[in-house]
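> Pasting a structure below so you can have a look.
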Amino acid sequence: MSGREHVTLTSPPANGALGAAPDLAYAGLYDQAAVHARGRIYARGQEEHDAGLAPAGDSDLDAGLVPPVELVAGPGPAAIGDLAAHASDVTAALAADGLDLSLLDPAAPAAVAAPILPAGGRIYVVGTSGAGPTPVFGARPPAPGACRVTVIVLGDCLVTGGPLGDRPAALTGSLIVAGTLTVNAPLEVTGSLSAGRVVVRAPLAVTFAPWTDQGAPPGVLTVRTTGRRRQ
């Protein structure tokens, strides 16, 4: 990971007290929110541990604390295939300029069998692995204005700001990008974000949300376990 100096973790400290923010995603493994990598973490062009620039809690290969692969691996083909099998029609939200998140159906689908699609959310799949990046823009209202969504981009994804470049992108749920996610306009994700590579050129904010099964974005349990289906 390069550019650690641009990453800020803003989870609230436990009980409102001053000190390190707790790790809300993997509390069983880590006491405080930090960056974990199976390679190395670089800050200001140097490996952060060698340079003495590592914030407390950061762990990577250089620090000798390599996190489990499931923490840094995105969902595999089997998990994406499971999700795509339950996808809703995305045609109405597609235009020449790309995918407009604000046009995705706000209504929750009828309940189907768990665990792949908990009630109350939709799955959308766009893009192909061999085509150019899929442009994405527009803000989807949070619940109760719209149900939570899982948006899967099979190739690369480009956050553009829309035709005029002035429409920040936002969604509540999960954004999964199989290729490179390039953030050229502001992006806010409340839930989870997974990408093979991330290039950040505009503000990017990810707010972790520990939902219950029924409130989670569709398929989130499958994605979080990298393809192993929850029984």
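Every number in this text was worked out from the coordinates using simple rules, so none of it is lab data. This structure is a prediction, so every number in the text was calculated from the model and none was measured. Neighbour counts run over all protein chains shown; Cβ positions are idealised from the backbone, glycine included.
> Show me the ranking of peptides 63-71, 187-195, 29-37 by mean Cβ neighbours inside 10 Å, starting with the highest.
With the highest mean Cβ count within 10 Å placed first, the list reads 187-195, 29-37, 63-71.
> Extension gain residue 89-residue 201, at 0.36 nm per residue separation less the Cα-Cα distance, in nm? Present the calculation step by step, with values, prior to reporting the outcome.
Working: separation 112, 0.36 × 112 = 40.32 nm, distance 3.05 nm.
Fully extending the segment from residue 89 to residue 201 adds 37.3 nm.
> Further question: Which whole-Hz ³J(HN,Hα) couplings does region 92-107 yield from phi under the Karplus relation 6.51 cos²θ - 1.76 cosθ + 1.60, θ = phi - 60°, glycine and proline marked x?
Whole-Hz 3J(HN,Hα) from phi for region 92-107: 5, 9, 9, 9, 4, 7, x, 9, 9, 4, 5, 9, 5, 3, x, 7.
> If you don't mind, there's one more thing I want to ask. May I ask you to order 91-99, 136-144 by the average number of other C-beta atoms within 10 Å around their residues, highest value first?
In decreasing order of mean packing, 91-99, 136-144 become 136-144, 91-99.
> Right, here's the next one. What is the order of 171, 101, fewest Cβ neighbours within 10 Å to most?
101, 171
> Given R₀ = 25 Å, FRET efficiency for residue 6-residue 105 by Cβ-Cβ distance, to 0.05?
Working: r = 35 Å, r/R0 = 1.39.
Step by step, r from the Cβ atoms, then E = 0.10.
> Given the Cα-Cα distance of residue 50 and residue 208 and 0.36 nm per residue of separation, how much length would full extension add, in nm?
Details: separation 158, 0.36 × 158 = 56.88 nm, distance 2.97 nm.
Net length gain for the segment: 53.9 nm.
> Can you give the Rg/Rh ratio of region 1-69, where Rg is from the C-alpha atoms and Rh is the Kirkwood radius?
0.97
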